[in-house]
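What follows is a short report on a single structure.
The values are calculated or read from the model by the stated rules, or taken from the named source; none is laboratory data. Owing to the predicted nature of the structure, the values given are computational and were not obtained by experimental measurement. Here the Cβ is made from the backbone with ideal geometry for all residues, glycine too, and neighbour counts use every protein chain on show. Side chains included, ligands, DNA and RNA excluded: accessible areas come from the protein's heavy atoms. Shrake-Rupley method; radii C 1.70, N 1.55, O 1.52, S 1.80 Å.
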Amino acid sequence: MSGASGTPYAAAVLRALLDAGESVDLVVSRASRLTLKDETGISFRDAHWQSDLREWLSRGADGKPGTFSVDIDAVRHWSAGDLAAGPSSGSYPTKGMLIVPASTASVAGVALGLSKDLLQRAASVTLKEGRKLIVAVRETPLNGQTLRHLVTLDDAGATVVPASPAFYAGATHIQDLVDFVAGRVLDAAGVPHRLYRRWQGELGGGAHRDG
């Protein structure tokens with residue numbers, strides 16, 4: 001999780017991964033902690049990460065507490081500054097890596113092969129090991145430099161998933177729009193979920209009419 005706006009996307013992806021029975025290695029960058037504090041009021045602290053994570057994941061995209069019930073026993077948290085952490089090595093077994101949301105700074109760092117923190121190092125390891133790297137970039141507009149970095153990541157084997165909600169699934173709540181993006185991230189990762197209504201080839205399925 002990097003420092004871009006979009007913490008509800010990360011929460012939705014985490015909940016869905018856990019619902020699918022996946023184990024999660026969680027890395028929360030220093031910049032993303034500031035974003036989380038700004039968008040939710042929650043301070044993510046290494047010493048209290050379990051209670052902070054439970055509080056965050058229990059909230060809906062509208063910020064309402066107690067919206068979701070979440071079991072975080074399958075989550076292992078690694079400090080962003082811990083470059084000796086498990087995910088920093090290719091011998092540490094993982095299926096892949098999701099950066100949600102992905103800031104332009106994290107995109108640049110990974111594209112350039114930097115390892116200034118565990119998030120960037122783990123992403124570089126993921127690419128060199130030929131594992132899935134899903135980058136949910138959240139920025140607008142995108143300048144030429146960032147676009148070139150995204151092409152570099154695509155060329156290296158990563159999948160770029162812009163955090164762009166669609167409306168054909170019949171969204172009626174902010175959570176529906178968040179879940180659509182989270183669902184597309186999980187689709188790219190090959191993780192089953194039921195976060196949004198899939199396109200069935202029939203027009204008008206997502207329409208809402210009065211009366």
Inset, instruction - Treat each spin label as a single point 7 Å out from the Cα along the C-beta direction, and report the Arg54 to Tyr168 distance in nm. - result: 4.1 nm
Inset, instruction - Give the range of the longest stretch in the chain that excludes all chymotrypsin sites (Phe, Trp or Tyr not before Pro) found in loop regions by DSSP and having at most 14 other beta-carbon atoms within 10 Å. - result: 1-166
Inset, instruction - First compute the accessible area of the range 1-152 with a 1.4 Å probe, then give the percent of it belonging to carbon and sulfur atoms. - result: 49 percent
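Evaluate the relative contact order of the chain (contact order divided by residue number), counting alpha-carbon pairs under 8 angstrom at least 6 apart; express in whole percent. Write down the numbers at each step before the final one.
Numbers: 351 pairs, mean separation 46.1, N = 211.
Averaging sequence separation for qualifying contacts and normalising by length gives 22 percent for the chain.
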Inset, instruction - Quick one: angle between helix 7-19 and the longest Cα principal axis of the chain, in degrees between 0 and 90, rounded to 10, please. - result: 90 degrees
Inset, instruction - Any chance you could tell me what percent of the C-alpha pair distances in the range 29-102 go past 18 Å? - result: 49 percent
Legend entry - Rule-of-thumb Rg ratio for the chain [Cα; 2.2 N^0.38 Å; N residues]: 1.01
Legend entry - Surface accessible to a 1.4 Å probe, per residue, for the residues of the chain, Å²: 52 Å²
Inset, instruction - For the range 130-211, calculate the relative contact order in percent as a whole number, restricting contacts to Cα pairs under 8 Å that are 6 or more residues apart. - result: 30 percent
Legend entry - Charged-residue dipole, Cβ positions (Lys, Arg, Asp, Glu), the range 1-149 about Cα centre, Debye nearest 20: 360 debye
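Over the range 105-151, what is the relative contact order in whole percent, taking alpha-carbon pairs under 8 Å and six or more residues apart?
Details: 29 pairs, mean separation 18.8, N = 47.
About 40 percent, as a whole number.
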Inset, instruction - Give the span of the range 7-48's Cα atoms along each principal axis, as three whole-Å numbers ordered largest to smallest. - result: 29, 21, 15
Inset, instruction - Give the accessible area for Asp19 in Å² (nearest 10); use a 1.4 Å probe, count only protein heavy atoms, and leave out ligands, DNA and RNA. - result: 130 Å²
Legend entry - Rg to Rh quotient for the range 81-149, alpha carbon positions, Kirkwood Rh: 0.98
Legend entry - q = 0.30 Å⁻¹: log10 I(q)/I(0) that the Debye formula gives for the range 144-186, counting C-alpha atoms only: -0.96
